[in-house]
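Reading through the structure tokens given below for one structure.
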Amino acid sequence: GYRVVAVDQRGYSPAARPSEVEQYVATELCADVLGFAEVLGAKEFHLVGHDWGGLLAWQVAAEHPAWIRSLTVLATPHHNAFFEAIEHDADQKRRSQYINFFRMPGGMAEAYFAADDWQFLRRIYQGKVTPDMVEDNIRRLAEPEALTAVLNWYRALDIRVRIGQVCVPTLYVWGSEDMAVGETAARQTAQYVNGEFHFERLDGKSHWLLEEVPEWITARTLRHFQSRRAATTHSPT
């Protein structure tokens, strides 16, 4: 009963692949999200994001709540919880070392990714993503300038930036075996949501939640949408 739109954002789309790092700052990426909504005529929408998409979703919800009916984020904590943990939590510092690696200039990171038939990227998926999907992702990243564009998301990232509180109804789902996000940041996310908030910890699940438990994610997300619809329907006029 919902219209679902999944987009190829800048860098991932061959038609929108600027070469300059500054074209991938968070403000530009968040503007893309609202730009898609405007083109689609969606004045208000449910926003769902995973990983980088989740990072953008937190910022869009914090800065443009009038657009957002509800927010659902998989894996990625609220900016402030995540970046504070990177600075002060030893476990999260260790988990986030890959960010500096991805930022390496001069084609160093790109060469490492593509070396030995993309073995580094294959390991990142931890066997949780189907072989066909892995091969499709590699094919897309092997397109001209694609890998550099994707890594530019990390090169433009500023972990000193903090965003505001999120006031829209929010569902945050985190897997206890997430290689990139530790429990400190996941738990502290609640401090930065002052609206309705639900935190789901999935024991034994990894970063790749959409691939590991797709049916559960779909059902839980739909319940979140529907609770928002019920609240709107029954609110006083």
Exercise. Could you tell me whether Arg69 is open to solvent by 30 Å² or more (accessible area, probe 1.4 Å) and touching a His at 6+ places or on another chain (Cβ under 7 Å)?
Key: yes
Quiz item: Restricting the search to region 197-215, which residues are free of Cβ contacts under 8 Å to residues at least 24 places away in the same chain, under 12 Å from Leu74 (Cα atoms) and loosely packed, with under 15 Cβ neighbours inside 10 Å?
Solution: Pro214
Quiz prompt | Criterion violated by Arg140 - all others in (1) assigned to a helix (DSSP H, G or I); (2) free of Cβ contacts under 8 Å to residues at least 12 places away in the same chain satisfied | solution = (2)
Quiz prompt | Matching option when the condition is β-branched (Val, Ile, Thr), assigned to a helix (DSSP H, G or I) and farther than 27 Å from Thr27 by Cβ, among Val134, Val150, Val129 | solution = Val134
Practice problem: Scan region 172-196 for residues that are open to solvent by less than 50 Å² (accessible area, probe 1.4 Å) and without any contact (Cβ under 8 Å) to a residue 40 or more places away in the chain and report the count. | Solution: 3
Quiz item: Given Gly195, Gly204, which one is among the small types (Gly, Ala, Ser), more than 16 Å from the chain's Cα centre (by Cα), closer than 21 Å to Ser70 by Cβ and not in a helix (DSSP H, G or I)?
Solution: Gly195
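Identify, please: which residue in region 20-38 is within 11 Å of Trp153 (Cα to Cα) and either aromatic (Phe, Trp, Tyr) or in a loop (DSSP other than H, G, I, E, B) (or both) and is, among those, least open to solvent (accessible area, probe 1.4 Å)?
Among them, the one singled out is Tyr24.
The values are calculated or read from the model by the stated rules, or taken from the named source; none is laboratory data. All figures in this text were calculated on a predicted structure; none of them were measured in a lab. Positions of Cβ are backbone-derived with ideal geometry, glycine not excepted, and every protein chain shown enters the neighbour counts. Each accessible area value is taken on the protein alone, full model and side chains, heavy atoms only, with ligands, DNA and RNA left out. Shrake-Rupley method; radii C 1.70, N 1.55, O 1.52, S 1.80 Å.
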